[in-house]
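Visitor: Sharing a structure below in structure tokens format, with a few things to ask.
The values are calculated or read from the model by the stated rules, or taken from the named source; none is laboratory data. Quantities reported herein were computed from a predicted structural model and do not represent experimental measurements. Every residue, glycine as well, gets a Cβ built from its backbone with ideal geometry; the counts of neighbours run over all protein chains shown. Ligands, DNA and RNA are excluded from the accessible area calculation, which covers all protein heavy atoms including side chains. Shrake-Rupley method; radii C 1.70, N 1.55, O 1.52, S 1.80 Å.
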Amino acid sequence: MKKVRSGGGWPAVAYTFRKAQEAGGLRKLWKAMRSKNACKTCALGMGGQRGGMVNESGHFPEVCKKSLQAMVADMQGGIGPEFWKQYTPAELKSLTPRELENCGRLTHPVLFTPELKRFQPISWDDAYKRIVIKLKELSADQTFWYFSGRSSNEAGFLLQLFARLYGTNNVNNCSYYCHQASGVGLTSVTGSGTATITLEDLDHADLVFVIGGNPASNHPRLMRTLMQVRRRGGQVIVINPLVETGMVRFNVPSDARSLLLGSEIASLYVQPHIGGDLALLTGIAKRLVELDAHDSAFLQSSCDHWWTLKAHLLATPWEEIVEKSGVEATQINEIAERYAQAKNAIFSWTMGITHHAHGVQNVQAIGNLALMRGMVGRPGAGLMPIRGHSNVQGIGSVGVTPKLKDAVFQRLQNHFNVSLPTTVGRDTMACMEGSASGDLKLGFCLGGNLYGSNPDANYAQQAIENLEMMVYLNTTLNTGHAFGLAKETIILPVLARDEEPQPTTQESMFNYVRLSDGGPQRLAGPKSEVEVIATIAERALGPTEDASASADDAPINWKSMQQTGKIREAIAEVIPGFQQIKDIDQSKQEFQIGGRTFHEPKFPTGSGRAQLHAHELPALRGQGADQLRLMTIRSEGQFNTVVYEDYDLYRGVERRDVILIHPDDIKRLGLDPSMTVTVRGPAGSLGNVRLHAFEEIRPGNAAMYYPEANVLVSRQVDPDSKTPAFKGVVVTVEREQLAVV
Ligand code: SF4
């Protein structure tokens, strides 16, 4: 497959028409995309009350392939009862993630038990009964509650409330496997776990760092913003072991000049080794001190631990920095000098930073760099984790974490006049380990693909098989429904965001809360997430059959909580900064959450000052003669675990069973490009893998597609964020036979 020379462009325009055809025509797709609902894909944010394809700065059109792919997937036809006669779980296991996604929309509850040997349609009433019986059988701490970042704030708040009133804090969300390190790292720097800027601040930046990410594929609308930084004479410094096509050049379809002539994105592209970021970030900071380019006044007036950090930087030898980062001192100097010239710098990053056993330290080191030049706490400058799912931040904000913030805990108890459990809740990996050990018996997944997102895939499968019950709420099928099967597995079909009968809300990565109107139901069968949760809660916790008990006896009238407005009343009371959500469906006023954007150097830390951190540099792994450092990556044709296209347009890769490896390493390891190989990692191996010679990756490093490569990745997590180290996995690559061309 010929690799394109630029991202976006006419291929993206052509793709739009292809998707429109799939959706039943351009008019139908346009109508769906223009509906007042937040984009279903990434957290950059788009849509809502300003209308579909409009961002919070009011710019139109704001649309990308990812938003189209998610919309068209929801516009598929329904899966009928006959499907389950045709496909057993064994046959579902043979389907690829893309084929599972394209099987259609789930429309009726189904049940699987090993005895049944296949999924069997059941009624909603039967499904609810089975779940409630199991919940009443178990003790609350034998259960866990996992949330995807695609669900609404209302569904997230309601389900965490139900789980806690049921008696457990085993409540967590998909960010544990992606951006938790950003939340933990940022909180330790500024006292707040999210971006310190608004979208509008990007319009005033003259330097943007993009570290460990490929937003050209995963957050394409950000390319227009980066193009504008360059047009204003600003700089974009990209740091990534792999040269990503769209981060070098992008033709922004909504800009005629860029569409026709293309736009240069990266001013400087730096390729450290996988896992070399901390050393590189430390090197840039050290060079700033040597250049006396740091802002001493700001550091002394607004930051703690400057002298400790300064001493540490000066003591860290350049040899160690260069060896562990893989970046020459001259190039580190180049970055530092360009940064030293910047007036307004914004630091952005994604999972190339967070998917490490030292992910939190990576985020802190980015915080150090920004603070050293006073780039936090004023307009036009700051910190911007580029988050994944469209409401992953909202789900965290409304309380979907094992441990609630003290203020939220108190307010929740007071608002509902209840006492909440104080047991230590489990994070996502701890839930997998609890399932494997048998301590946990039931898992409840609101959206997402828990199995697919897990490292050590074989372990994850066995852990889920060890459960007595697994309940999934989804719109379409995924690998979790084939491989993540417990002794009793129930899949409940839910509505998509733009099919909700009532308004819901979502929060972007810029702390901006949108109101989604919902819309007409496309298919008979699926129910709203909020209705499903409230029904189960009422049956499990609500008024008992005992005739003498009335609705008022139950601490919460779960039936009333089927109204999203009712849930928002509670969110407004309980979650700091969310007061305006109370009547958002009346006022239609979307809002910036208070206390999250820092345009002044006042930080909600113990001392009110930002915190600097000194770090010992981790050893560079995978330096053995037969070793490579592997990173799992998303292709341009996927979003998280959801695969829409098997080919990866921007990398010129047509299939997913490949390892992207530098030609020098193919030679060094005595391999031949036409071979298939077995890749061995700490948790397992993958055979029949095709070598894909790839000049754009640093020698010594390699890449394979997530989630298929997760079978290789160990369960090692960052001790602070509990995020697995999906990057820097040490692998070996062994010959097999010659590939069948
Ligand atoms: S960049 Fe993200 S928010 Fe914007 S249209 Fe694409 S998927 Fe949606």
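Visitor: Kindly check whether there is at least one residue in region 24-32 that is open to solvent by less than 50 Å² (accessible area, probe 1.4 Å) and within 16 Å of the ligand (Cβ to nearest atom).
Guide: Quick first cut of region 24-32, residues open to solvent by less than 50 Å² (accessible area, probe 1.4 Å) only: 25, 29, 32.
If we keep only those that are within 16 Å of the ligand (Cβ to nearest atom) too, we end up with 29, 32.
Taking every residue of region 24-32 in turn, at least one turns out to be open to solvent by less than 50 Å² (accessible area, probe 1.4 Å) and within 16 Å of the ligand (Cβ to nearest atom).
Visitor: Take the residues of region 215-262 that are polar (S, T, N, Q), more than 14 Å from the ligand (Cβ to nearest atom) and open to solvent by less than 20 Å² (accessible area, probe 1.4 Å): which is nearest to residue 328 (Cα to Cα)?
Guide: Filtering region 215-262 for residues polar (S, T, N, Q) gives 217-218, 225, 228, 235, 240, 245, 251, 254, 258.
Checking the rest, the ones that are also more than 14 Å from the ligand (Cβ to nearest atom) come to 228, 235, 240, 245, 251, 258.
Restricting the remaining residues to those that are open to solvent by less than 20 Å² (accessible area, probe 1.4 Å) gives 240, 245, 258.
Numbers: 240: 15, 245: 23, 258: 33 Å.
Only one residue tops the list, namely 240.
Visitor: For residues in region 566-622 being open to solvent by 60 Å² or more (accessible area, probe 1.4 Å) and acidic (Asp, Glu), which is farthest from residue 47 (Cα to Cα)?
Guide: 616
Visitor: Further question: Residue under question is residue 118, and the condition is that it be open to solvent by 60 Å² or more (accessible area, probe 1.4 Å), in a loop (DSSP other than H, G, I, E, B) and in contact (Cβ under 8 Å) with a residue 24 or more places away in the chain; does it hold?
Guide: The answer is yes for residue 118.
Visitor: Which of the residues belonging to region 98-115 are crowded, with 22+ Cβ neighbours inside 10 Å and assigned to a loop (DSSP other than H, G, I, E, B)?
Guide: 106, 109
Visitor: Going through region 170-191 one residue at a time, which ones are open to solvent by less than 10 Å² (accessible area, probe 1.4 Å) and polar (S, T, N, Q)?
Guide: Within region 170-191, 170, 172, 173, 175, 182, 190 qualify.
Visitor: Given the structure, is residue 334 in contact with a strand residue (DSSP E or B) (Cβ under 9 Å, 6 or more places away or on another chain), part of a helix (DSSP H, G or I) and open to solvent by 10 Å² or more (accessible area, probe 1.4 Å)?
Guide: Working: in contact with a strand residue (DSSP E or B) (Cβ under 9 Å, 6 or more places away or on another chain): yes; part of a helix (DSSP H, G or I): yes; open to solvent by 10 Å² or more (accessible area, probe 1.4 Å): yes.
Spelling it out, residue 334 is indeed in contact with a strand residue (DSSP E or B) (Cβ under 9 Å, 6 or more places away or on another chain), part of a helix (DSSP H, G or I) and open to solvent by 10 Å² or more (accessible area, probe 1.4 Å).
Visitor: May I ask you to list the residues in region 407-452 that are of a type in the set (Phe, Trp, Tyr), open to solvent by 20 Å² or more (accessible area, probe 1.4 Å) and touching a residue at least 40 places away in the same chain (Cβ under 8 Å)?
Guide: 416
Visitor: Also, quick follow-up: Hey, among the residues in region 461-472 that are without any contact (Cβ under 8 Å) to a residue 60 or more places away in the chain and under 27 Å from residue 391 (Cα atoms), which one's surrounded by the fewest Cβ atoms within 10 Å (Cβ to Cβ)?
Guide: Initially, region 461-472 is screened for residues without any contact (Cβ under 8 Å) to a residue 60 or more places away in the chain, giving 461-467, 470, 472.
In the following step, the residues that additionally are under 27 Å from residue 391 (Cα atoms) were identified as 461, 464, 470, 472.
Working: 461: 20, 464: 23, 470: 26, 472: 27.
The residue in question is 461.
Visitor: Do any residues in region 715-736 that are assigned by TED's automatic domain parsing to the domain that holds residue 450 and touching a residue at least 40 places away in the same chain (Cβ under 8 Å) have Cβ atoms under 9 Å from those of residues that are open to solvent by 30 Å² or more (accessible area, probe 1.4 Å) and among the charged types (D, E, K, R), where the two are at least six apart or on different chains, and which pairs are they?
Guide: Listed by first residue and then by second, the contacts come to nothing, as the list is empty.
Visitor: Let me ask you something else. Would you check if there is a residue in region 80-97 being under 27 Å from the mean Cα position of the chain (by Cα), of a type in the set (Ser, Thr, Tyr), open to solvent by 10 Å² or more (accessible area, probe 1.4 Å) and more than 16 Å from the ligand (Cβ to nearest atom)?
Guide: Taking every residue of region 80-97 in turn, at least one turns out to be under 27 Å from the mean Cα position of the chain (by Cα), of a type in the set (Ser, Thr, Tyr), open to solvent by 10 Å² or more (accessible area, probe 1.4 Å) and more than 16 Å from the ligand (Cβ to nearest atom).
Visitor: Keeping to region 269-296, report how many residues are part of a helix (DSSP H, G or I), open to solvent by 30 Å² or more (accessible area, probe 1.4 Å) and closer than 16 Å to residue 209 by Cβ.
Guide: Summing the residues that are part of a helix (DSSP H, G or I), open to solvent by 30 Å² or more (accessible area, probe 1.4 Å) and closer than 16 Å to residue 209 by Cβ in region 269-296 gives 1.
Visitor: Filter region 297-329 for residues that are among the aliphatic types (A, V, I, L, M), in a helix (DSSP H, G or I) and surrounded by 15 or more Cβ atoms within 10 Å (Cβ to Cβ) and give the result.
Guide: Across region 297-329, the qualifying residues are 299, 309, 313, 321, 322, 329.
Visitor: Can you tell me which residue among 38, 14, 43 is closer than 30 Å to residue 696 by Cα and within 12 Å of the ligand (Cβ to nearest atom)? Please lay out each step first, then the result.
Guide: Working: 38 fails: closer than 30 Å to residue 696 by Cα; 14 fails: within 12 Å of the ligand (Cβ to nearest atom).
The unique qualifying residue is 43.
Visitor: Still on this structure, please answer the following. Residue check: is residue 66 part of a helix (DSSP H, G or I), more than 9 Å from the ligand (Cβ to nearest atom), outside the structural domain of residue 151 (by TED's automatic domain parsing) and not acidic (Asp, Glu)?
Guide: So residue 66 does not fit the description; no.
Visitor: A further question follows. If the Cβ limit is 7 Å and pairs must be 6+ apart or interchain, which residue in region 32-53 that is polar (S, T, N, Q) pairs with which residue that is near the ligand (Cβ under 8 Å from one of its atoms)?
Guide: 37/47; 41/66; 41/67; 41/70; 41/390; 41/639
Visitor: Quick one: residue 665 ticks every box in (1) assigned to a strand (DSSP E or B); (2) over 18 Å from residue 460 (Cβ atoms); (3) open to solvent by less than 10 Å² (accessible area, probe 1.4 Å) except a single one, so which number is it?
Guide: It is condition (1) that residue 665 fails.
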